[in-house]
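I have placed the structure first, in the form of C-alpha cells, so that the comments after it can refer back to it.
The values are calculated or read from the model by the stated rules, or taken from the named source; none is laboratory data. Since this is a predicted model, take the numbers as computed values, not measurements. Neighbour counts are summed over all protein chains in view; Cβ atoms, including those assigned to glycine, are modelled from backbone coordinates with ideal geometry.
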Amino acid sequence: MYDKTDLNTIDLSLEPPLEEPARQYYFMAKCREWVLGFERKSGRRPTSKVVNFGCQMNARDSEKLAGILEKTGFMRADTEEADFVIYNTCTVRENADNKVFGRLGTLQQLKKKNPHMVIALCGCMMQEKPVVEKIKASYRFVDLIFGTHNLYRFAELAARVLDSDTMVTEMWEDTDRIVEELPVRRKYAFKSGVNIMSGCDNFCSYCIVPYVRGRERSREPEEILKEIRRLAADGVIEVMLLGQNVNSYGKNLKEPVTFAALLREVEKIEGIQRIRFMTSHPKDLSDELIGVMADSRKICRHLHLPLQSGSSRILKIMNRRYDKERYLELVEKLRNAVPDIALTTDIIVGFPGETEEDFEETMDVVRRVRFDSAFTFLYSKRTGTPAAVMDDQVPPDIAKERFGRLLREVQQAGAEKAAMLQGKTLPVLAEQINERDGRLLTGRLDNNSVVHFPGTPDMIGKIWNVQLSECKGFYYLGTLNEPV
Ligand code: 5AD
Ligand code: SF4
C-alpha cells in the first residue's frame, strides 16, 4: 500500500523512478526535504491551504492535493495566509472564473507580506488556453499552473516549483492514465467521495466540461471496491460515488460492467451503511439501476437527476438526448419503485432561443414533479461550446425574470415536500458541530436534507434516530430519540 510509504526510506541520491505512483512518492520525499530545510531556517513548519471552487469531484481532487501536502510535512492553515496556497478552480459557469480572478488580487496582497509564498492554480479553468495566457501575462505572481489530467503529478510539480524562481506550468490536453494510491486527506473521517470515472462524452451543447475534463474513463471496478473496502476499514460509513455521468459507468472498460452491477458490489462491503452517487444523466438511467435502488438497504433514497429544461425542443438543441415525456416517465418509474425517493435536479434558464413557451414547459415539469430541491442556473455562455455561437441569445433581463419565477416555484415545492416529513423520526448521520450553536449537531437524512439537533461531539460520524420536530423550509430542527 503506497500511501503508507515512509518518505524517509526513499533514496534521493537515485534518479526518480519512471513508474507511477513510485515517482510521485520520490518527489514527495523531495518536497519533504524542502519542508525540513524551511523549518531549520525559520523555526516553524511551512503551512498550506487548498481552496476548492468546484463540484464534488473537484472537492475529492482537493483532498488528494491536501493529502500530498500533508504527507510532505506542510501544516494545514485555516486561511489563505499560508506558505503554499492552491486554488482548485471550476469553469462550468462564467461567475466561477470571475470568483477566482477576484480572489487572486487578495493573494497578491498576501504575497507582498510573505514573498516566499507559493501560489498554485489547478483544475478545470486551467484547461482553457486563454485563461492560462491571461495569467501568464497579467498575474505574474502565480508560481504554478497545472490542469486536471496531470493532477496526480502534483508532488513532482511542487518539487519543481519549490526549487525554482520562475513560473512552472504543465497542462495536458487529455490522458488515459488513472494513477491510484496517492495520499488523501479526507475532510470527514466517516464519509468520503470516491471517483469512479472521470471526463464526459456527452457534449451537451452549453457545457464546457467535456473540453476541460476530457474523454470519459471508468476506473476498474476492483480498484474502486478496494478503495471502498479500505475506507470502510478506516471508519467510513458513507460513500458518494462520483462521476459526471455515473449511469454510463463501465461501458468503455475492457470487460464492460454496468453502474447497477457496481452498486450491488459496493452494497456487500461491510461497514458501509450509506451509498450515494452523483451525477445521473436521464438518458442512461436504466431499469436495472432503478431495481437495484429499490432492493437496496444502503443506497440513499435520493436521486439527483438534472432536467436542464422541460422543453423537448430546447432539450434537443441542448443535445440531452431525452425529451420532456421521457423525463416524466422516468420520474414515475422511480417513484413507483422507490415511493419515498427524494428527487433533486439542475435547471438552466435562458438557454439560447428559449421562448416563453419553452420556459413554461420547464415550469410545467417543475409543477408536476415537485422536486425536493433544485439548483437553478442562468445560462452562461462558455466559449468553445456550440451554444456560445447560437443565434437568439436570451436578453439578460428576460432570463433574470424567468429565473425569479422558477426559483419561487422550486422553493415553494421544496418547502411543501420538506413539511411532509415534519414530526417523523428518521435516521440522521451526525456530521459536524452546528456552526452557529455549539450545543447542536448538524447531520443529514438519507434523502440528503439537513437536520440540526442537540448532541455532543462524540456523536459525530454515527447514525441516530432523530425526531424532526420542526420543519424550517429547507432544514429541520430535531430531537434525539434512540440510537439506531
Ligand atoms: N450555463 C449554466 N449552467 C450550466 N451548467 C453547465 N453548464 C452551464 C452553462 N453553460 C449547469 C448544468 C449542470 C450543472 C452542473 O451546471 O445544469 O447540470
Ligand atoms: Fe456537461 Fe452534459 Fe457532461 Fe453533464 S452530461 S458534464 S452537463 S456535457
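Regarding residue 310, is this residue at pLDDT 95 or above and farther than 27 Å from residue 232 by Cα?
Working: at pLDDT 95 or above: yes; farther than 27 Å from residue 232 by Cα: yes.
So residue 310 passes the test.
Among the numbered conditions (1) under 28 Å from residue 244 (Cα atoms); (2) outside any strand (DSSP E or B); (3) away from ligand 2 (no atom under 16 Å from the Cβ); (4) not basic (Lys, Arg), the only one that residue 91 does not meet is (3).
Among the residues making up region 195-254, those that are within 14 Å of ligand 2 (Cβ to nearest atom) and part of a helix (DSSP H, G or I) are 209, 210, 211, 212, 213, 246, 247, 248. Just so you know, in region 175-199 the residues that are farther than 25 Å from residue 273 by Cβ and in contact with a Lys or Arg (Cβ under 6 Å, 6 or more places away or on another chain) include one that is farthest from ligand 1 (Cβ to nearest atom), and it is 183.
Picking from 409, 401, which residue would you name as being farther than 23 Å from residue 95 by Cα and of a type in the set (Asp, Glu)?
409
Would you confirm whether or not region 170-189 contains a residue that is within 16 Å of ligand 2 (Cβ to nearest atom), surrounded by 20 or more Cβ atoms within 10 Å (Cβ to Cβ) and not in a strand (DSSP E or B)? So far as region 170-189 goes, no, none of its residues is within 16 Å of ligand 2 (Cβ to nearest atom), surrounded by 20 or more Cβ atoms within 10 Å (Cβ to Cβ) and not in a strand (DSSP E or B). Tallying residues that are away from ligand 2 (no atom under 14 Å from the Cβ), charged (D, E, K, R) and modelled with pLDDT of 95 or more within region 381-392 yields 1.
Return the total of residues in region 136-150 being surrounded by fewer than 21 Cβ atoms within 10 Å (Cβ to Cβ) and of a type in the set (A, V, I, L, M, F, W, C). If you could, list the steps in order and put the result at the bottom.
Applying the first criterion (surrounded by fewer than 21 Cβ atoms within 10 Å (Cβ to Cβ)) to region 136-150 yields 136-141, 150.
From what is left, the residues that are of a type in the set (A, V, I, L, M, F, W, C) are 137, 141.
Residues that pass the stated criteria total 2.
Search region 167-193 for residues being in contact (Cβ under 8 Å) with a residue 40 or more places away in the chain and either among the hydroxyl-bearing types (Ser, Thr, Tyr) or in contact with a Ser or Thr (Cβ under 7 Å, 6 or more places away or on another chain) (or both), and hand back the single one that is nearest to residue 430 (Cα to Cα). I'd like the intermediate steps shown before the answer.
Taking region 167-193 and keeping what is in contact (Cβ under 8 Å) with a residue 40 or more places away in the chain, we get 171, 173-174, 176-193.
If we keep only those that are either among the hydroxyl-bearing types (Ser, Thr, Tyr) or in contact with a Ser or Thr (Cβ under 7 Å, 6 or more places away or on another chain) (or both) as well, we get 186, 188, 192.
Values: 186: 17, 188: 11, 192: 14 Å.
So the residue we want is 188.
Entry remark, region 447-484: residues being under 16 Å from residue 238 (Cβ atoms) and touching a His at 6+ places or on another chain (Cβ under 7 Å) number 2 in total. Listed by first and then second residue, the pairs linking a residue in region 70-83 that is on the phi > 0 side of the Ramachandran plot to a residue that is not in a loop (DSSP other than H, G, I, E, B), with Cβ atoms under 6 Å apart and 6 or more places separating them unless they lie on different chains, are 73/32; 73/35. The residues of region 288-319 that are touching a strand residue (DSSP E or B) at 6+ places or on another chain (Cβ under 6 Å), part of a loop (DSSP other than H, G, I, E, B), within 15 Å of ligand 1 (Cβ to nearest atom) and not hydrophobic (A, V, I, L, M, F, W, C) amount to a single one, 306.
No other residue among 285, 263, 242 is away from ligand 1 (no atom under 16 Å from the Cβ) and of a type outside the set (Lys, Arg) apart from 263. Could you tell me whether residue 378 is surrounded by 14 or more Cβ atoms within 10 Å (Cβ to Cβ) and either away from ligand 2 (no atom under 16 Å from the Cβ) or acidic (Asp, Glu) (or both)? For residue 378, the condition - surrounded by 14 or more Cβ atoms within 10 Å (Cβ to Cβ) and either away from ligand 2 (no atom under 16 Å from the Cβ) or acidic (Asp, Glu) (or both) - is not met.
If you go through region 342-372 and keep only what is surrounded by fewer than 21 Cβ atoms within 10 Å (Cβ to Cβ), more than 16 Å from ligand 2 (Cβ to nearest atom) and either at pLDDT below 95 or assigned to a loop (DSSP other than H, G, I, E, B) (or both), you end up with 353, 355, 370.
Filtered by the rule that a residue be without any contact (Cβ under 8 Å) to a residue 40 or more places away in the chain, surrounded by fewer than 14 Cβ atoms within 10 Å (Cβ to Cβ) and in a loop (DSSP other than H, G, I, E, B), region 417-457 gives 420, 435, 436, 437, 438, 439, 456.
I'm trying to understand the selection: among the residues of region 3-15, which are in contact (Cβ under 8 Å) with a residue 60 or more places away in the chain and either loosely packed, with under 10 Cβ neighbours inside 10 Å or more than 27 Å from the chain's Cα centre (by Cα) (or both)? Across region 3-15, the qualifying residue is only 7.
Restricting to region 280-331, give me the number of residues that are of a type in the set (Val, Ile, Thr) and without any contact (Cβ under 8 Å) to a residue 40 or more places away in the chain. It would help to see each step written out before you state the result.
Of the residues in region 280-331, the ones of a type in the set (Val, Ile, Thr) are 290, 292, 299, 314, 317, 331.
Narrowing further to those that are without any contact (Cβ under 8 Å) to a residue 40 or more places away in the chain: 292, 299, 331.
Of the residues in that region, 3 qualify.
Under the condition of being away from ligand 1 (no atom under 16 Å from the Cβ) and β-branched (Val, Ile, Thr), the residues counted in region 76-104 number 4. Residues in region 291-323 that are on the phi > 0 side of the Ramachandran plot and not basic (Lys, Arg) were compared, and the one that is nearest to the chain's Cα centre (by Cα) is 308.
Just to be sure I understand, how many residues within region 14-57 are in a helix (DSSP H, G or I) and within 30 Å of residue 278 (Cα to Cα)? Full working, then the answer.
Initially, region 14-57 is screened for residues in a helix (DSSP H, G or I), giving 22-42, 56-57.
So of that shortlist, the ones also within 30 Å of residue 278 (Cα to Cα) come out as 24, 56-57.
Summing the residues that are in a helix (DSSP H, G or I) and within 30 Å of residue 278 (Cα to Cα) in region 14-57 gives 3.
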